[in-house]
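Structure first, commentary second.
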Amino acid sequence: MLTDMQTASAWLSYRDSHCKPDFRQETHAFPHERKWRRPEQSVGAATEDITISRWSYAGTAVRQEEATTPPDRYFFSVALKTTRLKLTRGSQTVFDGIMPAGTLYVGAPSKQLSAQFHAPCDFLHFHVSANCFTSAQSGTESPTAESLNDLVLLRDPFADQLAKALTEHGNSADQEFARCIGQTLAMHVARRELPSTKINALPKWRLRRVEEYVKTHFDGCISLSDLAKVAGLSRMHFAAQFRAATGYRPREYLLHQRIEHAKSLLSNTETPLAEVALAVGFSTQAHFSTVFKRITGDTPARWRCARRNELPSVPSLPGFGKQSVDSHGAGSPT
């Protein structure tokens, strides 16, 4: 079984020797889907082994979509931004909650799936020929389509990097380069060691209790034991189930909540940065600035200045930022 690092090394070597992109050549933007998971193709155009398209939704109202994977295709989806959604098949819930940026979803051929989008979202979709997927499995024990269907890998770093490689040049790329990345993603999924046991996600009613507790106590010291007690579980079971439900460790969630409250203070008040840091639960301004930059990509001062110079926009998803951060926040659960 190849590790992600071994797979990455193989991909980089193959890319450099066979499919290095030349952005001076004619490029194409990945088409945006008018209907979810239904990429438009030119009339008379040959069917590609790998088709890449993009699905985004900027609205705030709940949007319902449904699609069935073609019988000769696998469907890969990589979240480009954090969102909230629910995936179902009939009466079965596949996923329900916060889906972090970098999450990879895999659907097998001939499988129906319904989606409810509860927040703005942006996804890169790979429609991969089953033949291409089979060739990616050579030399390994091939997983079955059933074992791969509805595979949700929260914040898969390798899939996240592949998606960024395609979108970092203005959402356009050389077609052969894009095809290589699609093949690499198929190889990554085919050779991934699947978990032997499944961890149940934290039930909604327990999650709501934790969210309400954090919302009212974010400015104080909150430990993992405190959150586990609120959820009515042991520390070990709570931490695992919370991550399965949200994609975040409890301490990461707390830090993101603090930063979201800090954003509100920075946008709407003239409160000095040191006071903002203390108001949202950080013991020092230096540590607050470090965590703020890791999550937003900018310092608090620059973020405040930029926000005041731009037009009003849709607020970030409550409790979550662009990136995950480390675990050294004041009062963060461990």
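All of the numbers you see were taken from the coordinates with simple rules; none came from a lab. These numbers were taken from a predicted model, which means no experiment stands behind them. Cβ: placed from backbone, ideal geometry, glycine included. Neighbour counts: every protein chain shown.
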If r is the Cβ-Cβ distance from Cys305 to Ala274 and R0 is 25 Å, what FRET efficiency results, to the nearest 0.05?
0.90
Just to confirm my numbers, what's the Cα centroid distance between region 241-279 and region 42-118 in Å?
30 Å
Whole-Hz Karplus couplings 3J(HN,Hα) for region 269-274, θ = phi - 60° and coefficients 6.51, -1.76, 1.60, Gly and Pro as x, run 9, 9, 4, x, 4, 4
Between Lys164 and His32, what is the FRET efficiency for a Förster distance of 25 Å, r being their Cβ-Cβ separation, to the nearest 0.05?
0.85
Amide H neighbours of Asn149 under 5 Å, at least 5 residues apart or on other chains, H built in the peptide plane: list them.
Ala108
Hey, can you grab everything whose amide H is under 5 Å from the amide H of Thr103? Only 5+ residues off in sequence or another chain; H modelled, so Pro and N-termini drop out.
Ala79, Arg155, Asp156
Order of Thr269, Thr296, Thr88 under a 10 Å beta carbon neighbour criterion, fewest first:
Thr269, Thr88, Thr296
If neighbour count is taken as other Cβ atoms inside 10 Å, put Val276, Val128 in order from fewest to most.
Val276, Val128
Looking at this model, which pairs from Lys35/Lys86; Lys164/Lys263; Lys86/Lys215 are more than 21 angstrom apart at the alpha-carbon?
Lys164/Lys263; Lys86/Lys215
Could you work out Rg/(2.2 N^0.38 Å) for region 204-309, with Rg from alpha carbons only?
1.15
